[in-house]
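Written below as structure tokens is the structure these notes are about.
The values are calculated or read from the model by the stated rules, or taken from the named source; none is laboratory data. Keep in mind it's a predicted model, so treat the numbers as computed, not measured. Note that each Cβ is placed from the backbone with ideal geometry, even for glycine, and that neighbours are counted across all protein chains shown.
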Amino acid sequence: MKERRCIALYSGGLDSIIAVKLLMSQGIDVIPLFFATPFFGLNAIRNPEGYKSEQFERYGLYVHVIDYTDDFIQILVAPKHGYGRWLNPCIDCKIGMLNKAKSLLEPFNASFIITGEVLGQRPMSQRRDTMNIIARDAGCKNILLRPLSAKHMAPTEPELSGIVDRGALLDITGRGRKPQLEIARSMGIKPQFIPTPTGGCLLTNAEVAAKVKHTIERLKPQLPTRFDLLMDVVGRKFILDGSTTLIVARNEEENRVLSEMVFPGNTFMRISGYPSPLAIMRGTRSQENLSIAASICQRYSKARGMKYVKACWGDSPGSMNEAIDARLIDDNILKGYQFDFGR
């Protein structure tokens, strides 16, 4: 008999937790892979060890964090199967994850792949025809098992070979969560740790999608880097010139996120001597752009409306040793720089 080990595409949602635990209950060794990008799993990219510890403490699962960003960029700019409502390339993203998981079967000595997908739950990527296309294009039709909806699908190789007991799999369909909640309770998952439904990928958010689309178009024919895309998931976005953007944090959590973005080409800034949001300018570090950035930064600080204020700037939050005057900026001029995601 083949190795009783599989790889799971693990999202951290309730469905994927159930899928993993369901196979584990059959004595199968399950290796959960959490694919992370700036748009889903940002916290796992920022702190992978913390994420893995949390998943083990809550669910008893040893999760592997896979930074999927570079692969995802290739998919994002030109998805074969197109986008969802906004800029979410759901079908191609899932195909890419499955291809990556398939390439890891041999290194992990595993023989098949599972996901937490539920037939009919999502309008784009979890229709029966779409799920068949995903399995086909990923080249894993016979080894891809969806345990939660397995009884509505043709048996896969691990079921036919006896590795998996098909009779113990589920027949869930649709968008309701009642069956999953009952199963979660029966599995002993504490109520406070049952994940709630979330928006998932930030590319389904109209504002983030518009920011990312602008970045892709602005940088053509070059591909955006992970550094470019990370700038689009937090903060207010301003366009200073054709090659330069400014991101201003909106709250303390965004200050923390921006403070970690010490990347080549980033200039950090805040107003000196007053409570101020952290800002990052990315692009051309000209005197004019620094001056505009300082004025915008002042507008969102506690020094708003004050004369003779200075902004400090540098290559990192800990080295903002340069200074520049922050001049008052008219609101109409400010709006001219602010990125309008509705345009």
Query raised in the report: Among the numbered criteria (1) aromatic (Phe, Trp, Tyr); (2) crowded, with 19+ Cβ neighbours inside 10 Å; (3) over 19 Å from LYS237 (Cβ atoms), which single criterion is violated by PHE268?
Result: (3)
Query raised in the report: Counting only residues that are over 32 Å from the mean Cα position of the chain (by Cα) and under 19 Å from LYS237 (Cβ atoms), which one in the range 287-303 is surrounded by the most Cβ atoms within 10 Å (Cβ to Cβ)?
Result: SER291
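Okay, residues lined up against (1) more than 10 Å from LEU328 (Cα to Cα); (2) outside the structural domain of ASP241 (by TED's automatic domain parsing); (3) assigned to a loop (DSSP other than H, G, I, E, B); (4) of a type in the set (Phe, Trp, Tyr):
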{"residue": "TYR274", "(1), (2), (3), (4)": "yes, no, yes, yes"}
{"residue": "ILE280", "(1), (2), (3), (4)": "yes, no, no, no"}
{"residue": "ARG285", "(1), (2), (3), (4)": "yes, no, yes, no"}
{"residue": "ASN289", "(1), (2), (3), (4)": "yes, no, no, no"}
{"residue": "ALA293", "(1), (2), (3), (4)": "yes, no, no, no"}
{"residue": "GLN298", "(1), (2), (3), (4)": "no, no, no, no"}
{"residue": "LYS302", "(1), (2), (3), (4)": "yes, no, yes, no"}
{"residue": "LYS307", "(1), (2), (3), (4)": "no, no, yes, no"}
{"residue": "LYS310", "(1), (2), (3), (4)": "yes, no, no, no"}
Requested in this report: State whether one or more residues within the range 141-156 are at pLDDT 95 or above, in contact with a helix residue (DSSP H, G or I) (Cβ under 8 Å, 6 or more places away or on another chain), over 12 Å from LEU22 (Cβ atoms) and loosely packed, with under 13 Cβ neighbours inside 10 Å.
Outcome: no
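Residue check: is GLY176 farther than 29 Å from PRO79 by Cα, part of a loop (DSSP other than H, G, I, E, B) and in the same structural domain as ALA78 (by TED's automatic domain parsing)? Quick ask: steps written out before the conclusion?
On the way: farther than 29 Å from PRO79 by Cα: yes; part of a loop (DSSP other than H, G, I, E, B): yes; in the same structural domain as ALA78 (by TED's automatic domain parsing): yes.
For GLY176, the condition - farther than 29 Å from PRO79 by Cα, part of a loop (DSSP other than H, G, I, E, B) and in the same structural domain as ALA78 (by TED's automatic domain parsing) - is met.
Of PRO48, PRO79, which residue is surrounded by fewer than 20 Cβ atoms within 10 Å (Cβ to Cβ), over 23 Å from THR196 (Cα atoms), out of contact with any Gly (no Cβ under 8 Å at 6 or more places or on another chain) and free of Cβ contacts under 8 Å to residues at least 24 places away in the same chain?
Values: PRO48 fails: over 23 Å from THR196 (Cα atoms).
Step by step, each of PRO48, PRO79 is checked, and only PRO79 is surrounded by fewer than 20 Cβ atoms within 10 Å (Cβ to Cβ), over 23 Å from THR196 (Cα atoms), out of contact with any Gly (no Cβ under 8 Å at 6 or more places or on another chain) and free of Cβ contacts under 8 Å to residues at least 24 places away in the same chain.
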Query - Answer residue from the range 45-81, given it is within 24 Å of VAL212 (Cα to Cα) and charged (D, E, K, R) and is modelled with the lowest pLDDT among those - result: ARG46
Report task. Might you check whether a residue that is of a type outside the set (A, V, I, L, M), under 21 Å from ILE45 (Cα atoms) and surrounded by 16 or more Cβ atoms within 10 Å (Cβ to Cβ) occurs anywhere in the range 236-244? Result -> no
Query raised in the report: Mind checking which residues of the range 1-42 are farther than 23 Å from PHE112 by Cα and either out of contact with any helix residue (DSSP H, G or I) (no Cβ under 6 Å at 6 or more places or on another chain) or β-branched (Val, Ile, Thr) (or both)?
Result: THR37, PHE40, GLY41, LEU42
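Please pick out the residue among PHE108, PHE112 that is over 29 Å from ASN205 (Cα atoms) and either in contact with a Pro (Cβ under 9 Å, 6 or more places away or on another chain) or not assigned by TED's automatic domain parsing to the domain that holds GLY12 (or both). Write out each step before concluding.
Details: PHE108 fails: either in contact with a Pro (Cβ under 9 Å, 6 or more places away or on another chain) or not assigned by TED's automatic domain parsing to the domain that holds GLY12 (or both).
After applying the criteria, what remains is PHE112.
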Query raised in the report: Based on what the data block shows, is ASP129 modelled with pLDDT of 95 or more, acidic (Asp, Glu) and part of a helix (DSSP H, G or I)?
Result: no
Query raised in the report: Do you know which residues across the range 213-255 are touching a Pro at 6+ places or on another chain (Cβ under 8 Å) and among the hydrophobic types (A, V, I, L, M, F, W, C)?
Result: ILE216, PHE227, LEU229, LEU230, VAL233, VAL248, ALA249
Query raised in the report: Somewhere in the range 313-323, is a residue over 24 Å from THR37 (Cα atoms) and among the aliphatic types (A, V, I, L, M)?
Result: yes
**Report entry** Residues of the range 189-229 classified as in a loop (DSSP other than H, G, I, E, B), basic (Lys, Arg) and either at pLDDT 95 or above or assigned by TED's automatic domain parsing to the domain that holds PRO79 (or both), total
**Finding:** 1
Query raised in the report: Out of all the residues in the range 246-263, is one or more acidic (Asp, Glu) and in contact (Cβ under 8 Å) with a residue 40 or more places away in the chain?
Result: yes
Report summary line: Per the filter on the range 260-290, residues of a type in the set (Ser, Thr, Tyr) and under 17 Å from MET231 (Cα atoms) are THR267, THR284
Report task. At least 1 residues that are more than 30 Å from MET231 (Cα to Cα) and in contact with a Lys or Arg (Cβ under 9 Å, 6 or more places away or on another chain) in each: list the helices (runs of 4 or more DSSP H) lying fully within the range 1-78 that qualify. Result -> 14-24, 48-59
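To keep it simple, each residue is scored yes or no on (1) among the aliphatic types (A, V, I, L, M); (2) more than 16 Å from ILE28 (Cα to Cα).
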| position | (1), (2) |
| --- | --- |
| ARG146 | no, no |
| MET153 | yes, yes |
| THR156 | no, no |
| VAL164 | yes, no |
| PRO179 | no, yes |
| SER186 | no, yes |
